[in-house]
Each structure stands twice: as C-alpha cells, then as structure tokens.
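This report refers to the structure that appears directly beneath it.
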Amino acid sequence: MTNKRGLMTTNNSLERFLKLQVQEWTHQDTEQKRPLGGPVIAISREPGCDGESIARILAKELGLVVYDWEIVEQIAKDAHVSEQLVATLDETLRSELEDWMDEFVGGSGFSEHQYVQSLRRVLFSIAAHGNAVIVGRCANFLILPEKRTLGLCLVAPLKARVQNIMQKLHLSEEDARANIDHTERELRSLVKAIGHADISDATNYHIVINTALVTPETIVQIAKEMLRVKS
C-alpha cells in the first residue's frame, strides 16, 4: 500500500523490505567480506518538486535501492532493526561508525536525542553498503563517505510546486501553499537541528536542479556523469 506521495506506508511492507535488505547485506558480507560500497545519491528536495518520483527513476535507471523518508524513519525508530543494520557492517566499518558518532555526541541540541543518534547510525549503515538513493531525512548532511556520495538538491518555482501539491493531494491552492509552508519550516528546523546546516544554502550540495526546467531523463544523465567523475 502507498500513500498520496507514492511511498510505502504499512508496517508489513516496511518489515518485509527491511528483512530482505538485511538478508542481502549479510549475504554480501559473507561472500565478499566487505560491503559492495556502491554509490549513494542523497536527495534533498523542496516540497512539491516531485523529488520522490525522480528518486524512483534514478534508482531504476542506475540499479540502486530507494530509501524514502518513511523507510529511514521507521528503521531509526525500531531499535532492533537498527542494530541488525549495524551488525551487517564489518569490524572496520563499525569502528568508523563509532568514530563518526563520537563527533556528534552532545552536539545536536535536538530534543529527541536518541532518535537522532539512531538516524545517524541508520544513514551511515545504508551509505556504507551503498547502491542507494536516500530521499530526505538530512542524508546529504549526515552520511559518508563523501567520495561515493552525490548530494542532489531538487527545486522548482513556487507556482509549479503549488500546482503539483494541488494535484497530488487534491487540495485547494490556499491549502497547497499552507502545506508547502509547513513542510518547508519542518525541513529547515530538522536540517538545522540534526545537520547544523542551512537547507537552502546551495553550497551544501554537489548540484542543484530545477525540476520545472530539467527532465527526469536529463537528471539521470547528469547523476551518471557526476558519479562517474567521483568514482
């Protein structure tokens, strides 16, 4: 089942997805002694710019797995699953995770400190295994390693975003604008609290793309070339 954003919503769907991912990663570690370590595309997007659809297209064309914000959040809130993900890392990567976490201890000032710490562990684990497209949840500001991670920010004119939200959520123009305003405030606060950054600062990303002017097909080609250069 999906919600109006086209994202996975049922606990059963999430549990099945996560179980399969953990099994796959564990198998990779057993067979290869190290995770595959493929590319990671971390997508930040303005609400209403159709970032979720573009994420799915990127994943399909590049052979990656999409981790939308609901999946990442579910993992972060489920301590058992979070531990399973970390357990799929080898000793070297677990040591790197511990060192990375130490840099943030006591530094976020975020009220849900345990959730933030879990979120960081989850994002690190996903990034360590690679071959992922992560949508939202401050992934661009928290995950490593930089060499394999492409930070992509998707934007669009407000008028276009309002129209998209009106169509997708069946809202009036007034309600669509209110929805965008509310979501933007939440995103700014989250990135500031967790990532200690300004989500609107273009220098935080490898590339910023206007989805009203650039087709998904072109975005895929840009991402391919950027990942090729970074590899």
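Numbers for the structure displayed
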quantity	calculated
Links that overshoot a 28 Å alpha carbon limit, given the list 159/230; 60/230; 168/230; 147/192	159/230; 168/230
Per-peptide average of other Cβ atoms within 10 Å, ordering 190-196, 136-142, 50-56 highest first	136-142, 50-56, 190-196
Peptides ranked, highest mean first, by Cβ atoms within 10 Å: ranges 119-127, 219-227	119-127, 219-227
Under 12 Å, Cβ to Cβ, from residue 158 - net charge with Lys/Arg +1 and Asp/Glu -1	-1
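Throughout, read-outs are computed from the coordinates displayed, never taken from laboratory work. This is a predicted model, so every value here is computed, not measured. Heads up, the Cβs are rebuilt from the backbone with ideal geometry, glycines too, and the neighbour counts pull from every protein chain shown.
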